[in-house]
Amino acid sequence: MSPEIEQFLSGMKKTIEEVVMPNLTDRFAQEQAGIVAATLGFLSTIQDKVFHYELFENQEYKRILQDVLTTLDADAEKNDAICVVVENVNKHFLHDNPAEQTAFRPYPFIRGSNENMKEFLCEFIQLQPDMPTQVRKDFEALLKPFFKSIETRERSWVKGLGFDPEAEQQADIGDLLYENEYLRGTKPQ
Amino acid sequence: MPYYTQTLKDRAHPGHAWVEKIRTRYPVERAIDEVLSRKLNRRSHSAAHRTDFEHIETRLLDYLRATTAQDDIAIANLSRLSGGASKEQFTFDLTWRQNSGTSDTRKLILRMDPSESIVETHRLREAQVLKAMWGEIPVPEVFWCEPTEEHLGHPFLIAGFLEGIVQPEGGDKASGLGMYFEPELRNSLKDQFVEHLAHIHNVDWRQKDLSTYDQPRSNSTEGNAWSLGWWQRVWQEDAIEAHPIVENAARWLWENMPIVENPVIVHGDYRSGNFMYTKDQRINAILDWELSHIGDFHEDLAYSALEILGTPLENGEVLTSGLMPKDEFLEKYEQMSGNIIDPKRLVYFEVFSYYKAAVIAVATSLRTSYGSKTHLDAMMNLISGFGYISVSALQRALDKV
């Protein structure tokens, strides 16, 4: 279907920058129009990757939560609060099964599932003081590379917004999401 | 947008029981509790923020006539100010009789809360700290403050307008972040920048009228606990998605919180963009006091020196607030304030400052835009870019501790 989203966005950006902004006399309105133009420019760089960004996170959160459940299995006497979260994660996996093909689900389903999984992981993080020493250490060891992956990905996602003093050092988001023309971790063997 | 979880639904439409749960779980100073609770209680009931100001002149005039008891008071040249990321700001010329009995015209600034702001703060608190600082360091003179919604529909403060420069010509940086000053200007401003901060920290706040500020006990964690509690509560009220890095940082900050031996007035947002200077290169105003509180001086130092708020040079060096290298900033501060910097606490507050920046620029900025509650919805979305850089910097700081 044409035009592609990119064409809509670049058309709007050009109109705002070349037609609307030069004819605005109010400074506040000029400032806000500039922000709208900058936003449109940013959207054109990320709009074709939004679905795969969420899909990638879906895989990542399923993986970390499965690893966390395995780690927590070592604690035979889990406290009640941790047991509740474990139960909720297992229930959620009946709804969005890690073994099934999430890529065919609609965007809101994936986004919603991701948000639920983020909340579960945050609840485990809050409950760290209730974990036995070794379990907590193992849990922290799982989180470390996971956090690295999040912060690298998010920073790449927003680098086009112009706030990052180290923007040139951040990878392009496409390079983080894709490998050999597939979403990372999804290429058929 | 759909509510993907019960938590997100509660945040979008906070019920009484949920608000009370939040208040109990995250204790903060009384005045902060007042504004945060008001924000939550209004969230479901108020419509999108209106950005027109058709009736503001009439309402402002009514307020000023009533508060001064002067029927012949006159307003002229009311106009909206650009710049800034939190309050709606207007300038106007006011003609009224002074205490001396003579009539005078002055240019004033009106700072008014939008329906929800990127930082929800207390106008009376801001007025009190500005009055406390009047005569100590250069600040705008406060004339009137109205902490309720009765007169203009939103709380507001009216202060003297100062002529000066916030950003060098061509600066164009959102909220003054990463601003570039020419070397000569840097040399003129940097000592003043540190000197004013040192002075703020040496003001005897117990001798000032700061009744809206809770007073933390010396040699306790109270000041730091209120400060962290503030931002943790804001995260829990405003975030539009859960974030494991931010959650983990809050846990680390609670587990590693230092005590404060001698609490001081903390500005809370001391950086380029929040001071103004004259053509002859004198700082003539320290601005934006709305995040001030009483706590640990290391908090201001760590915040001012955050790399993401600084200005990178071509050689890779990052200048604190665009003015000087971090080591020079800290050395000058010790000399001028007499305070001894504890490197461990500086690290703690570096993590704290990134956490706070993440809360403001990821959670609240996006929440205000999500609900169409401000005059800057497009900008609030854009600012999340700064927020995710803060989250990244937060995690990198935690990796080092």
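Odds and ends about this structure:
- Neighbour net charge for residue A:33 - beta-carbon separation under 12 angstrom, K R +1, D E -1: -2
- For a straight C-alpha distance cut-off of 30 angstrom, the lysines reachable from residue A:91 (same-chain residues fewer than eight places away being disregarded) are A:49, A:62, A:78, A:118, A:137, A:144, A:148, A:187, B:9, B:21.
- Of the whole protein surface, residue A:186 contributes about 60 Å² of accessible area at a 1.4 Å probe radius.
- Using the Cβ of residue A:178 as centre and a radius below 12 Å, the other residues enclosed give a net charge of -2, where K and R count +1 and D and E count -1.
- Within segment A:5-48: Cβ-based charge dipole about Cα centre, in debye rounded to nearest 20 (Lys, Arg +1; Asp, Glu -1): 60
- Total accessible area lost when A and B pair, probe 1.4 Å, Å² to nearest 100: 3600
- Per-pair calculated FRET efficiency, R0 = 45 Å: residue B:328 and residue B:100 via Cβ, rounded to 0.05: 0.50
- When the pairs B:131/B:332; B:208/B:373; B:87/B:107; B:131/B:356 are compared against a 23 Å limit on Cα-Cα distance, B:131/B:332; B:208/B:373; B:131/B:356 fall above it.
- Shielded residues, segment B:1-46 - accessible-area loss of 10 Å² or more between chain alone and all protein chains, probe 1.4 Å: B:4, B:5, B:7, B:8, B:25
- Debye intensity ratio in log₁₀ form over the Cα atoms of segment A:5-48, taken at each q of 0.22, 0.29 Å⁻¹: -0.66, -0.95
- In summary, the convex hull built on the alpha carbon positions of chain B has an orientation-averaged projected area of 20.1 nm².
- Highest average packing first - B:74-85, B:234-245, B:289-300, A:87-98, Cβ atoms within 10 Å: B:289-300, B:234-245, B:74-85, A:87-98
- Pairs of Cα atoms in the protein assembly as shown fall into 10 Å distance bins, from 0 up to the last occupied one, in shares of 3, 15, 26, 27, 18, 8, 2, 0, 0 percent.
- A simple rule links phi to the HN-Hα coupling: the Karplus curve 6.51 cos²θ - 1.76 cosθ + 1.60 with θ = phi - 60°, which for segment B:13-23 gives 10, x, x, 4, 5, 5, 4, 5, 4, 4, 4 Hz, with x for Gly and Pro.
- Overall, segment A:49-183 carries a charge dipole of about 120 debye about its Cα centre when +1 sits on the Cβ of Lys and Arg and -1 on the Cβ of Asp and Glu, all other atoms neutral.
- Taking every protein chain into account, the accessible area of the protein assembly as shown amounts to 44 square angstrom per residue (probe 1.4 Å).
- Relative contact order (%) - criterion: Cα under 8 Å, at least six apart; region: chain A: 24
- Distance between the modelled labels on residue B:5 and residue A:168, one decimal in nanometres: 3.9 nm (7 Å Cα→Cβ projection).
- Other residues within the sphere of radius under 9 Å centred on the Cβ of residue B:258, judged by their own Cβ, net out at 0 (K and R +1, D and E -1).
- Here the protein assembly as shown is assigned +1 on the Cβ of each Lys and Arg and -1 on the Cβ of each Asp and Glu. Its dipole about the Cα centre then comes out at about 780 debye.
- The average projected area of segment B:174-399, computed from the convex hull of its Cα atoms over all directions, is 13.1 nm².
- Simple label model, 7 Å out from Cα along Cβ direction - residue B:150 to residue B:70, nm: 2.1
- Listed values for segment B:348-355 are Karplus-derived 3J(HN,Hα) couplings in whole Hz (6.51 cos²θ - 1.76 cosθ + 1.60, θ = phi - 60°), namely 4, 6, 5, 4, 4, 5, 5, 4, and x replaces Gly and Pro.
- Rg over Rh, two decimals, chain A (C-alpha only, Kirkwood Rh): 1.09
- 1.4 Å probe, heavy atoms, protein only - residues of segment A:144-168 losing at least 30 Å² accessible area vs chain alone: A:144, A:147, A:151, A:154, A:155, A:158, A:161, A:163, A:165
- In the assembled protein chains, residue A:25 presents an accessible area of approximately 130 Å² (probe radius 1.4 Å).
- Percentage relative contact order, segment A:5-48, counting C-alpha pairs under 8 Å, at least six apart: 60
- Based on DSSP H segments of at least four residues, each scored -39500 (n - 2.57), chain B has a per-residue ellipticity at 222 nm of -13500 deg cm²/dmol.
- Note that segment B:217-231 has calculated 3J(HN,Hα) couplings of 6, 5, 6, 9, 8, 3, x, 5, 5, 5, 5, 5, x, 4, 6 Hz, one per residue in order, obtained from phi through the Karplus relation 6.51 cos²θ - 1.76 cosθ + 1.60 (θ = phi - 60°); glycine and proline are x.
- For the protein assembly as shown, the share of accessible area belonging to carbon and sulfur comes to 49 percent (1.4 Å probe, ligands and nucleic acids excluded).
The values are calculated or read from the model by the stated rules, or taken from the named source; none is laboratory data. Everything quoted here is computed from the prediction, not taken from an experiment. Note that each Cβ is placed from the backbone with ideal geometry, even for glycine, and that neighbours are counted across all protein chains shown. When the accessible area is computed, the model is the full protein with side chains, heavy atoms only, and any ligands, DNA or RNA have been set aside. Shrake-Rupley method; radii C 1.70, N 1.55, O 1.52, S 1.80 Å.
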